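Participant: Have a look at this one before I ask anything.
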Amino acid sequence: MSSTPDETAAPLDTAPDVPEAAWSGVHRGPLKVGEWVRLIDQKGRRHNICLEAGKTFHTNRGGMDHDDLIGREEGFTITSTSGGEYLVFRPLLAEFVVSMPRGAAVVYPKDAAQIVSMCDIFPGAHVVEAGVGSGALTCSLLRAVGPHGRVSSYERREEFADVARRNVHQFFGGEHPAWQLTLGDLAEALPASGERADRIILDMLAPWECLDAAADALRPGGIVCAYVATTTQLSRFVETVRIHGGFTEPQSWESLVRNWHVEGLAVRPDHKMIGHTAFLVTARRMAPGQRAPLKKRRPAPGAYGPDYQGPRAEGAVVEETDRAE
């Protein structure tokens, strides 16, 4: 048995839908055929379905007719044929990306938000993305640059590119006019394209291999950002940026997100949290022929000792006891 609309509820919102020209991936007003909705049961389990007239969605708690959802305002509860209750909302971007089909690991919303904010992704910007993965970050970048900006994504693996293309098209409801997806290696394809960019995001195993190409393509004042998972990748990229000389001192960080349980006076942190997902590194491009002042720093003991095999910034202050024999 499905629930029916409450006759005492407020009338349907008569505000017009979000203009298609905005390419936001968001809709307002009554649910329509072809839209995706998110069903959440009493245990927090989530299902994303595309509304189709005459179709039924089946769960272990019975079925629900799509026709009972179509035409209603989101934010209601529906009861399945076996008595299961489900909340019905349109999925947020942050919810869509963690549940969409994956070819590669996704950039989690907490990191995508940091990239959009700390890299100052703005409407009208041209952003180059290396490593499209499953398209999660791509959706956030396209939302940020808007229809008057441009996102140029490069992906080496065709199977990842196919998954990302389907996910991005699903979220925005079609081919976003500001997106160009190129199958190939950014280190070779970007210089060949002659493109200039405001921001370059490197989400790949060895981002230092693309640093020269990124430096040549970035406009003065532009930002390069690397998204890396391990400390060895972090160290290698940061030191490569330093020895390049055409960037400011790189900044590195990670973000950790922890929910809190709040129930009366029982206020405590949750036992689970979204901990380490990746490190982020940003640096700004200097003007041609200009170098940032060397940062005088005294490394920790052993930082550049005999075991260190990575690149070494020119002029780095190193203790004699830390030098290789």
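The values are calculated or read from the model by the stated rules, or taken from the named source; none is laboratory data. Just so you know, these numbers come straight off a predicted model, no measurement behind them. Virtual Cβ from ideal backbone geometry, glycine too; neighbours counted across all protein chains shown. Accessible surface areas use protein heavy atoms only, side chains included; no ligands, DNA or RNA. Shrake-Rupley method; radii C 1.70, N 1.55, O 1.52, S 1.80 Å.
Participant: Report the net charge of residues surrounding T277, where surrounding means a beta-carbon distance below 10 angstrom and charges are Lys +1, Arg +1, Asp -1, Glu -1. Before the final figure, lay out the partial values.
Facilitator: Values: positive: K110; negative: D111, E254.
Neighbourhood net charge equals -1.
Participant: Moving on. Ranked from the most accessible area to the least, with a 1.4 Å probe and all protein chains present, what is the order of M204, M100, M118?
Facilitator: Working: M204 35, M100 10, M118 105 Å².
The most accessible residue leads, giving M118, M204, M100.
Participant: How large a share of the accessible area of the chain, in percent, is made up of carbon and sulfur atoms when the probe is 1.4 Å and the other protein chains stay in place? Can you show the working numbers first?
Facilitator: Details: 9190 of 17420 Å².
Roughly 53 percent of what the probe reaches on the chain is carbon or sulfur.
Participant: With each run of n ≥ 4 DSSP H residues scored as -39500 (n - 2.57), what mean residue ellipticity at 222 nm is computed for the chain after dividing by its residue count and rounding to the nearest 500 deg cm²/dmol?
Facilitator: On the way: 7 runs with 71 residues, N = 325.
Using -39500 (n - 2.57) per qualifying helix, the result is -6500 deg cm²/dmol.
Participant: Keeping every protein chain in place, order L39, L87 by accessible area at 1.4 Å, biggest value first, i.e. largest first. Mind dumping the intermediate values first?
Facilitator: Details: L39 0, L87 75 Å².
Largest to smallest exposure gives the sequence L87, L39.
Participant: Determine, from the Cβ-Cβ distance of H58 and V267 and an R0 of 25 Å, the FRET efficiency 1/(1 + (r/R0)^6), rounded to the nearest 0.05.
Facilitator: Efficiency, rounded to the nearest 0.05: 0.05.
Participant: Can you figure out the FRET efficiency of T77 with K110, using R₀ = 25 Å and their beta-carbon distance, to the nearest 0.05?
Facilitator: Values: r = 29 Å, r/R0 = 1.15.
The pair T77/K110 has a calculated efficiency of 0.30.
Participant: Between D120 and K43, with labels modelled 7 Å along Cα→Cβ, what's the label distance in nm to one decimal, could you check?
Facilitator: So the two model labels end up 4.9 nm from each other.
Participant: How many Å² of accessible area per residue for the stretch 179-315, probe 1.4 Å?
Facilitator: Details: 7790 Å² over 137 residues.
Here the per-residue accessible area is 57 Å².
Participant: Roughly how many Å² of Y108 are accessible to a 1.4 Å probe, to the nearest 10?
Facilitator: 80
Participant: So what's the gap between the Cα centers of the stretch 149-183 and the stretch 288-305, to the nearest angstrom?
Facilitator: Cα centroid to Cα centroid, the span is 38 Å.
Participant: Using DSSP, restrict attention to beta bridges with both residues in the chain and report what percent are antiparallel, rounded to the nearest 5. Numbers along the way, then the final one.
Facilitator: Numbers: 32 of 51 bridges.
Antiparallel bridges make up about 65 percent of those DSSP assigns within the chain.
Participant: Mind telling me which of R284, R242, R45 comes out most flexible in a GNM of the chain, alpha-carbon contacts under 10 Å?
Facilitator: R45
Participant: Through the Karplus equation 6.51 cos²θ - 1.76 cosθ + 1.60, θ set to phi - 60°, convert the phi angles of the stretch 207-219 into ³J(HN,Hα) values in whole Hz; use x for Gly and Pro.
Facilitator: Residue by residue, the stretch 207-219 yields x, 5, 5, 9, 5, 4, 5, 5, 4, 5, 8, 6, 6 Hz.
Participant: Let me ask something else about it. By a straight-distance test (C-alpha under 29 Å), which lysines pair with K55 as possible cross-link partners, with residues fewer than eight away in the same chain excluded?
Facilitator: Straight-distance partners of K55: K32, K43.
Participant: Counting only heavy atoms of the protein chains, get the accessible area per residue of the stretch 64-133 (1.4 Å probe) and round it to a whole Å² value. Don't skip to the answer; put the middle values down first.
Facilitator: Details: 2710 Å² over 70 residues.
Accessible area per residue, the stretch 64-133: 39 Å².
Participant: Another one. What distance in nm separates the simple spin-label points at I243 and R297, each placed 7 Å from Cα in the Cβ direction?
Facilitator: 1.5
Participant: Here is a follow-up. So which GluC sites (Glu not before Pro) in the stretch 80-132 end up in coil per DSSP with only 13 or fewer other C-beta atoms within 10 Å?
Facilitator: Details: sites: E85, E95, E129; in loops: none.
Those that pass, being in a loop and sparsely packed, number zero.
Participant: Quick one: net charge around T56, please, counting Lys, Arg +1 and Asp, Glu -1 for every other residue with C-beta under 10 Å from its C-beta. Please report the intermediate quantities before stating the final value.
Facilitator: Numbers: positive: K55; negative: E52, D65, D67, D68.
Neighbour charge sum, excluding T56 itself: -3.
Participant: With θ set to phi - 60° and the Karplus curve 6.51 cos²θ - 1.76 cosθ + 1.60, what are the ³J(HN,Hα) couplings of the stretch 95-111 in order, to the nearest whole Hz, using x for Gly and Pro?
Facilitator: These are the phi-based 3J(HN,Hα) values: 7, 4, 5, 8, 10, 6, x, 10, x, 10, 4, 8, 7, 5, x, 4, 7 Hz.
Participant: Search the structure for amide H atoms under 5 Å from the amide H of G222, placed 1.01 Å from N in the peptide plane, and list their residues when 5 or more places away or on another chain.
Facilitator: R285
Participant: Still on this model: At 7 Å along Cα-to-Cβ for each site, give me the label-to-label distance between A15 and R156 in nm.
Facilitator: Those two pseudo-labels are separated by 4.6 nm.
Participant: With all pairs of different alpha carbon atoms counted, what Kirkwood hydrodynamic radius in Å does the chain show? Write down the numbers at each step before the final one.
Facilitator: Details: mean 1/r = 0.0443 Å⁻¹.
One decimal place: 22.6 Å for the Kirkwood radius.
Participant: Multiply the residue gap between H276 and E195 by 0.36 nm, knock off their C-alpha separation, and tell me the result in nm, one decimal place.
Facilitator: This chain segment gains 25.8 nm when fully extended.
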